[in-house]
Every structure is written in C-alpha cells, then in structure tokens.
1. When you go through Thr341, Thr331 one by one, which is the residue that is assigned to a loop (DSSP other than H, G, I, E, B) and either within 14 Å of the ligand (Cβ to nearest atom) or under 29 Å from Ala60 (Cβ atoms) (or both)?
2. For the range 162-186, which positions are under 14 Å from the mean Cα position of the chain (by Cα) and more than 13 Å from the ligand (Cβ to nearest atom)?
3. Among the residues of the range 289-319, write down those that are at positive phi and more than 11 Å from the ligand (Cβ to nearest atom).
4. Of everything in the range 147-173, what is among the basic types (Lys, Arg) and part of a helix (DSSP H, G or I)? Give them in sequence order.
5. So is Ser251 surrounded by 17 or more Cβ atoms within 10 Å (Cβ to Cβ) and of a type in the set (S, T, N, Q) or not?
6. Could you please let me know if Ser10 is under 23 Å from the mean Cα position of the chain (by Cα) and surrounded by 17 or more Cβ atoms within 10 Å (Cβ to Cβ)?
7. Sort through Ala123, Ala118 and tell me the only one that's among the small types (Gly, Ala, Ser), in contact (Cβ under 8 Å) with a residue 12 or more places away in the chain and within 26 Å of Glu34 (Cβ to Cβ).
8. Which ones in the range 87-107 are surrounded by 15 or more Cβ atoms within 10 Å (Cβ to Cβ) and hydrophobic (A, V, I, L, M, F, W, C)?
Amino acid sequence: MLILVLNSGSSSIKYKLFDIQVSSERLLDKGLLERIGEKIPSHKEAINIILDKAGSKIDAVGHRVVHGGDRFKESILIDDNVIKAIEDFIELAPLHNPPSLLTINESRKILSNIPHVAVFDTAFYYDMPEYAYFYAIPYKFYEKYKIRKYGFHGTSHRYVSEQAERLLKKPLNELKLITCHLGNGCSITAVKNGKAIDTSMGFTPLEGLVMGTRSGDLDPAIIPYIMEKENIDVNAVMDILNKKSGLLGISGLSNDMRELMKEKGANKKAKLALDIFIYRIKKYIGAYMGVMSGCDAVIFTGGIGENNPGLIEEICKGVVSKETKTLVIPTDEELMIARDTYRIAVS
Ligand code: ADP
C-alpha cells in the first residue's frame with residue numbers, strides 16, 4: 001500500500017512516500033518544500049508539486065496534526081467532523097493547526113477517493129493522569145478555556161518507545177521508559193507500561209526543557225516584570241520566550257547545538273547555555289525516575305539526542321544508574337504516521 005505522509009508547517013511541507021505491507025516497510029521518496037508563500041505561491045501549489053512527484057497510485061495519506069486538544073486519543077480517519085475539531089483547536093495552536101488544515105483540505109480535494117488519516121502530536125498524552133496534566137490554577141479555567149497540559153512531540157516519543165520494545169526484547173507494557181526528544185524543540189516524556197504518564201511540554205510547547213530558542217520552565221511572574229521594565233506588551237514577551245530565549249538567549253551566539261559545542265571552550269556564555277540545558281534534562285530525568293519508581297531505559301532522539309554521545313554521557317552522569325540502559329534511537333515520525341495510516345486504511 002502506497003502511503004504519502006505530509007507534515008506541514010506555515011511555510012514548508014515535509015513529505016515521505018512509503019510502501020507499507022503486512023511484513024515490510026519501504027521508504028520510496030522523501031522531500032521538503034520550503035518558502036511556501038514566496039517561491040511557491042501557496043500550500044495548494046506545494047501539494048500539487050508533491051503529488052506530481054509521488055505519482056497517481058497513492059492509496060492513503062497520513063497527515064501530521066499538532067493539536068488534537070482533549071478530543072483525540074488516537075489517530076483517526078478524517079471526515080468533516082474531524083476537520084471541524086481541528087479547526088476548533090486553532091485557538092490552542094495558532095501557528096500549527098492552520099497549515100495542517102490547508103494541506104488536509106487541498107489534498108482531500110485532489111485525492112478525494114482515498115482515506116486521509118490525522119495523526120496528532122497530542123494523542124499520546126490523552127491518558128495522562130489528571131494530577132499530571134492539571135495546573136494548580138482555579139479549576140474554572142480548565143472548564144472555561146481547557147487550560148491543561150497537552151504535551152507535544154507525541155508521535156516521536158511513541159515511535160522511539162515502540163523501537164525500544166524491540167531493542168530491549170521486553171513487552172512495552174512491562175517497561176518504564178524516559179524518552180528525550182532533543183531537537184530544535186525539546187521534550188521529555190515518562191512512558192510507563194506503554195502509556196505516557198507525564199511530559200515536559202505543557203499547554204503549549206513552551207514549557208519544560210531549555211530549547212533552541214524557547215525558555216522552557218520559568219516563574220510566570222517574570223512575564224509582567226519584563227513587560228513593565230521594558231515597556232513592551234505581552235506579545236513581545238511571548239516572542240522573546242519563544243524565539244529569543246533558550247540556547248540562543250543565554251549564549252547570545254546561536255540556537256544550534258553544533259555551534260555551541262564548538263565554542264564552549266572559549267565562550268563562557270556558550271558553556272553556560274550548555275550547562276543549563278544539561279541540568280534541566282537531569283532534573284526531569286530524576287523526577288520521572290522518581291514518579292515511576294525506577295526506569296528500564298532512558299532514550300535519546302532528535303538532532304541533538306542522536307548525534308552527541310559526549311553530551312548524553314554528561315546528562316546521564318550521576319542521575320542514571322548502571323541498571324538503567326541508555327539508548328540512542330533515531331526518530332521517524334513520518335514512519336509512525338505511515339504505520340497508523342496503514343492500520344486505519346486497511347481496517
Ligand atoms: P527539529 O526539531 O527542527 O526537527 P532536529 O531534530 O534536526 O530539529 O535538531 C536540530 C538540532 O540538532 C540542532 O541544535 C543541531 O545543532 C543538532 N544537531 C544536528 N546534527 C548534529 C550533529 N551531528 N552533532 C550535534 N548536533 C547536531
């Protein structure tokens with residue numbers, strides 16, 4: 001079965017084309033279309049370019065959707081109700097859900113006779129315990145505005161958890177795992193018996209670990225304080241926390257781990273950025289080991305997690321015991337999306 005996977009951002013679409021059979025998975029093609037809105041006029045033209053390349057034999061399309069709110073426990077066949085729900089969650093993911101919707105709507109128009117499946121970043125966290133996803137603010141804000149921890153990168157955390165099951169040769173439902181997705185965005189998830197029981201990203205992807213340009217955890221009182229001192233509005237502060245903080249903000253140099261690794265000997269701020277990055281991950285690993293009463297394996301993935309053995313050693317030093325395995329597993333969110341799409345399309 002030929003499955004096209006589409007992962008849409010505001011100005012880019014990543015795609016992979018797989019041939020998925022009962023006992024085999026083959027990547028046939030992949031690509032990235034960038035500068036949509038400039039070089040390529042719109043998502044519609046971008047989809048047409050991808051479909052021209054992919055040929056006319058596609059059997060199903062899998063779409064990455066960042067925010068499924070509190071509606072979607074798992075991947076789902078797209079119909080008009082699903083579209084409506086994704087639209088409803090635009091408020092919670094204003095940067096992410098609109099491009100997914102554009103892509104879904106355009107590709108459903110062109111490929112109207114085949115199944116389209118939505119795979120949500122948030123779905124892996126659907127079953128987290130209430131005490132893990134509630135914020136200790138008045139309950140009415142959960143009721144009125146759905147303010148809670150949602151968690152993101154779920155498809156990646158689920159993929160590496162399933163890979164770990166194979167590597168550790170033990171059923172996922174008997175494993176305690178801590179999965180660290182360290183890319184430009186970074187998140188860490190506690191996976192107990194195959195279910196995510198806590199994760200570092202929250203109501204938005206801003207919470208948790210130090211990231212390329214995002215601050216991660218901080219005292220919320222800092223926000224009005226900066227607004228007052230700098231005489232800027234809340235949007236400007238949010239812009240600082242999302243785009244000018246993290247590794248970039250501390251180092252003043254770069255959001256790119258490779259740059260900071262190069263400069264850490266000579267540049268004190270680059271070294272400090274790395275130290276804070278590592279320390280925050282250590283704290284989360286320690287906390288998740290605590291709440292799971294131990295851990296079989298800590299898994300690293302994403303551009304940083306997959307390419308920095310020295311950094312992983314630093315992170316694990318003193319916090320991960322000898323009984324706990326450390327695994328590096330390259331993520332493949334698109335393959336996970338293709339697997340879900342296949343399962344739903346054949347059922
Ligand atoms: P995204 O979250 O955008 O998918 P990636 O998973 O590609 O991003 O991760 C990007 C990060 O990975 C950057 O900080 C980059 O420096 C880091 N990275 C990528 N390759 C390497 C490498 N070979 N060595 C060290 N860091 C790397």
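Here, each number is a calculation from the coordinates, and none is a lab measurement. Just so it is clear, the model here is predicted, and its values are computed rather than measured. Backbone-built Cβ (ideal geometry, glycine too); neighbour counts: all protein chains shown.
1. The conditions single out Thr331.
2. Correct list: Thr179 only.
3. Passing the criteria: Ser293, Gly294, Gly318.
4. Those that are among the basic types (Lys, Arg) and part of a helix (DSSP H, G or I): Arg158, Arg166.
5. So Ser251 fits the description; yes.
6. It is false that Ser10 is under 23 Å from the mean Cα position of the chain (by Cα) and surrounded by 17 or more Cβ atoms within 10 Å (Cβ to Cβ).
7. Ala118
8. Phe89, Ile90, Leu92, Ala93, Leu101, Leu102, Ile104
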